[in-house]
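Asks: Take this structure, written in structure tokens, and hold onto it; I'll ask about it next.
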Amino acid sequence: MTPSLISPPLPISPHLSNSPLKLGVMASGSGSNMEAIARAIADGQLNANIQTIIYNNPDAGVVARANRLGIPAVLLNHREFESREALDLKIIQTLKQYQVEWVIMAGWMRRVTQVLIDAFPRRILNIHPSLLPSFPGVRAVEQALAAGVKFSGCTVHFVELEVDSGPIVIQAVVPVLPDDTPKTLQARIQVQEHRIFPAAISLAAAQADPEIQTC
Ligand code: GRF
């Protein structure tokens with residue numbers, strides 16, 4: 001069975017509001033999901049704009065992608081904050097400064113607090129490389145391999161205080177092959193992440209705003 005058979009085309013078209021969604025992306029890593037979202041915007045599949053990218057790790061690959069795409073990137077190094085709440089307050093201030101309406105956690109590897117969640121009620125999405133509620137937390141791909149599951153995948157969900165919890169927006173499924181390593185399974189999952197994340201943003205926005213039409 002191929003991944004495309006397991007995860008058929010998404011029955012979602014872009015939301016039809018005239019005003020683009022104002023996204024703020026939070027990322028700690030390579031930023032491939034951020035770029036997939038930017039590509040969906042450029043291709044006209046997602047009516048949105050990435051207002052800013054916040055990253056917490058000075059070496060994060062997302063910075064080079066942001067520079068190439070001309071998106072302002074702001075470093076908020078968690079090591080320089082005395083508490084999680086202090087970091088979240090600065091994140092909120094930065095997101096508001098860029099008029100962000102939807103917060104997109106695309107590989108953000110820090111726990112967030114209720115302070116951030118309350119600032120963007122039901123407007124924060126996260127992507128996780130497993131079929132939640134299975135395998136939350138770190139090393140989700142390794143957890144799936146260790147459990148011997150035959151299928152895994154990825155989940156876009158609304159963010160709540162408990163890590164990798166919250167209502168699910170979209171999932172995609174991939175097979176786990178007998179000779180898979182964390183690297184090969186992760187790569188198969190990432191293909192699906194890049195597919196579902198833009199669609200999930202569109203769907204979540206359409207559900208949040210009844211004025212927005214989907215078909
Ligand atoms: C993704 O696999 C995502 O599921 C996890 O972090 C990874 C980020 O990858 N939360 P990238 O930085 O978008 O390439």
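The values are calculated or read from the model by the stated rules, or taken from the named source; none is laboratory data. Please read these numbers as outputs of a predicted model, since none were measured by experiment. Cβ placement follows ideal geometry from the backbone for every residue including glycine, while neighbour counts extend to all protein chains displayed. The area values use the complete protein model at the heavy-atom level, side chains included, leaving out ligands, DNA and RNA. Shrake-Rupley method; radii C 1.70, N 1.55, O 1.52, S 1.80 Å.
Asks: Taking region 171-187, which residues are within 12 Å of the ligand (Cβ to nearest atom), buried (at least 18 other Cβ atoms within 10 Å of the Cβ) and either within 23 Å of ALA119 (Cα to Cα) or more than 16 Å from the chain's Cα centre (by Cα) (or both)?
Replies: Within region 171-187, just LEU185 meets the criteria.
Asks: OK, next. Quick check on region 118-142: of everything there that is under 18 Å from ALA208 (Cα atoms) and surrounded by fewer than 17 Cβ atoms within 10 Å (Cβ to Cβ), which residue is farthest from the chain's Cα centre (by Cα)?
Replies: Residues of region 118-142 under 18 Å from ALA208 (Cα atoms): 118-126.
Now drop any that are not surrounded by fewer than 17 Cβ atoms within 10 Å (Cβ to Cβ), which leaves 118, 121-122.
Values: ASP118: 18, PRO121: 16, ARG122: 14 Å.
By that ranking, first place goes to ASP118.
Asks: Here is a further query. Applying the selection to region 188-199, what residues are open to solvent by less than 60 Å² (accessible area, probe 1.4 Å) and either in contact with a Phe, Trp or Tyr (Cβ under 6 Å, 6 or more places away or on another chain) or more than 12 Å from the ligand (Cβ to nearest atom) (or both)?
Replies: Within region 188-199, PRO198, ALA199 qualify.
Asks: Within region 154-170, work out how many residues are within 12 Å of the ligand (Cβ to nearest atom) and either in a strand (DSSP E or B) or surrounded by 16 or more Cβ atoms within 10 Å (Cβ to Cβ) (or both).
Replies: Adding up the residues that qualify gives 6.
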